[in-house]
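Everything below concerns the one structure shown next.
The values are calculated or read from the model by the stated rules, or taken from the named source; none is laboratory data. Small disclaimer: the values here were computed from a predicted structure and weren't measured. Here the Cβ positions follow ideal geometry from the backbone for every residue, glycine too, while neighbour counts run over all protein chains shown.
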Amino acid sequence: MALRLKYSKRNAVILIIAVVVYLFNVMCTTLSHSSHYTNDAAGDEKKFAGSASCAGCHKDIYESHIKTAHYNDSRPASKEFIKGSFQNGKNKFVFNQFSNVILEKRRNGFFQVAYINDSEYMRQPFDIVIGSGRKGQTYLYWEDDLLFQLPISYYTPMNSWCNSPGFPSNYPRFNRPITAQCIECHGTYAQAKEDVGVNAFDKSKIIYGIDCERCHGPAAEHVTFHQEHPDDKAGRYITNAKKLDRQARLDGCALCHSGFRNAIKPAFSFAVGDKLNEFSSVRYNTDSVSTLDVHGNQYGLLTASKCFKASQMDCSSCHDVHKNEFNSPKLFSQRCMNCHNTNNHDTCTVKPPGGLVLSDNCIDCHMPALPSGKIKLEVANAGKMTPDLVRTHRIAVYR
């Protein structure tokens, strides 16, 4: 009888601990995204054709665009897309003396496996890759229809695994939900199932990467019309950004490049050509540059620049989103020289050392790479936090 009571008490204690852990996880998940919206049926009316359908008439643009970081910003996980190493000695992130995560390749896929005192206690697969790998990547996993972020990401400049942005660096966390607002900036479309949870999606209705239809709109009607009317060269049933006014073009980029925003309408409601402020509002002080972080708020920094205020420039004045122009300071500098030349604008007064042509690199001086105050990473085996360096879009004179 005494033995039976002993086991009964032990089971009761285990049950209480399990309940406490469960409630803690639920609270963390709930608090991490306090506001959500019931998705309407508009998503079912969006008729996508797929980027490949654009290649028939826009072959050069299509073949150039699929090499860009935008297009490759999200995709299903596979060996060719995951940048980090799974080799022994290069696949371990140590949180503390008791716990670590090992990045493992197993027969049925790639996994992040958490160990406590060398015993496995959590294992989740790499299901989705977020990020082209140009600067880094983070990874998501499915639990039924629910989408979560994995605790370990990859930092390209140091070719190393790191803690995922915003995650603790002293213990592995697997329960951060990925909502439709996250996918809105890393994909073309995802149909939410918010009656199940704020991070629930229909897996069959996700379009990965920021492809042609993310900016030009669902193209099924456009493709069908022009296949039936090949001699009609005017683009029908499609959005052409060149025909929009300046603010509308800026809003199309600001959806994802103006920092975290407070949603007014459900994710994927906004389409290029709409007024962004009707769909979400900014979280920062638009009158103070000091509130803007170089990570994620390129729009706010650009619009605070004298160059922007004194001209009609927009994002497309410097960026051709159809081309992979990363790390091309000379190319971008030539676009600066369209205005900053001796004929109609101020030119640089710095006296360069011998052999240096200033017009080949305006960028490193006037838009330097600065440390982010919000994105700080702990690289595996480094033992210290490393800020993410991002090129500021506030065009100015820096010391």
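Here E143 passes the criteria (1) at pLDDT below 95; (2) under 20 Å from I183 (Cβ atoms) except the one numbered (1). The single condition from (1) farther than 25 Å from L292 by Cβ; (2) out of contact with any Phe, Trp or Tyr (no Cβ under 8 Å at 6 or more places or on another chain); (3) crowded, with 21+ Cβ neighbours inside 10 Å; (4) in contact (Cβ under 8 Å) with a residue 60 or more places away in the chain that A192 fails is (2). Looking at N88, N96, N72 in this structure, which one is surrounded by fewer than 15 Cβ atoms within 10 Å (Cβ to Cβ), touching a residue at least 24 places away in the same chain (Cβ under 8 Å) and in a loop (DSSP other than H, G, I, E, B)? The conditions single out N96. Residues considered: C365, C339. Of these, the only one that is in a loop (DSSP other than H, G, I, E, B) and not acidic (D, E) is C339.
Table: residues versus (1) outside any helix (DSSP H, G or I); (2) hydrophobic (A, V, I, L, M, F, W, C); (3) under 16 Å from Q247 (Cα atoms).
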{"site": "Y284", "(1), (2), (3)": "yes, no, no"}
{"site": "D293", "(1), (2), (3)": "yes, no, no"}
{"site": "G296", "(1), (2), (3)": "yes, no, no"}
{"site": "L302", "(1), (2), (3)": "no, yes, yes"}
{"site": "F308", "(1), (2), (3)": "no, yes, yes"}
{"site": "M313", "(1), (2), (3)": "yes, yes, yes"}
{"site": "V321", "(1), (2), (3)": "yes, yes, no"}
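For S119, the conditions (1) surrounded by fewer than 19 Cβ atoms within 10 Å (Cβ to Cβ); (2) modelled with pLDDT of 95 or more; (3) hydroxyl-bearing (S, T, Y); (4) under 21 Å from the mean Cα position of the chain (by Cα) are fulfilled apart from (4).
Residues in the range 373-386 that are part of a strand (DSSP E or B) and at pLDDT 80 or above: 8 in all. Among the residues of this structure, L389 counts as one that is under 24 Å from P165 (Cβ atoms) and either touching a residue at least 60 places away in the same chain (Cβ under 8 Å) or in a helix (DSSP H, G or I) (or both).
Conditions tested, residue by residue: (1) aromatic (F, W, Y); (2) out of contact with any Pro (no Cβ under 6 Å at 6 or more places or on another chain); (3) surrounded by 15 or more Cβ atoms within 10 Å (Cβ to Cβ); (4) more than 22 Å from V390 (Cβ to Cβ).
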{"residue": "N159", "(1), (2), (3), (4)": "no, yes, no, no"}
{"residue": "S164", "(1), (2), (3), (4)": "no, no, yes, no"}
{"residue": "P177", "(1), (2), (3), (4)": "no, yes, yes, yes"}
{"residue": "G197", "(1), (2), (3), (4)": "no, yes, yes, yes"}
{"residue": "S204", "(1), (2), (3), (4)": "no, yes, no, yes"}
{"residue": "I210", "(1), (2), (3), (4)": "no, yes, yes, no"}
{"residue": "H226", "(1), (2), (3), (4)": "no, yes, yes, yes"}
{"residue": "R236", "(1), (2), (3), (4)": "no, yes, no, yes"}
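Filtering the range 100-116 to residues that are crowded, with 17+ Cβ neighbours inside 10 Å and more than 26 Å from Y208 (Cα to Cα) leaves N100, V101, I102, A114, Y115. Once the range 113-158 is narrowed to residues that are in contact (Cβ under 8 Å) with a residue 24 or more places away in the chain and of a type in the set (S, T, N, Q), the residue that is farthest from D195 (Cα to Cα) is T156.
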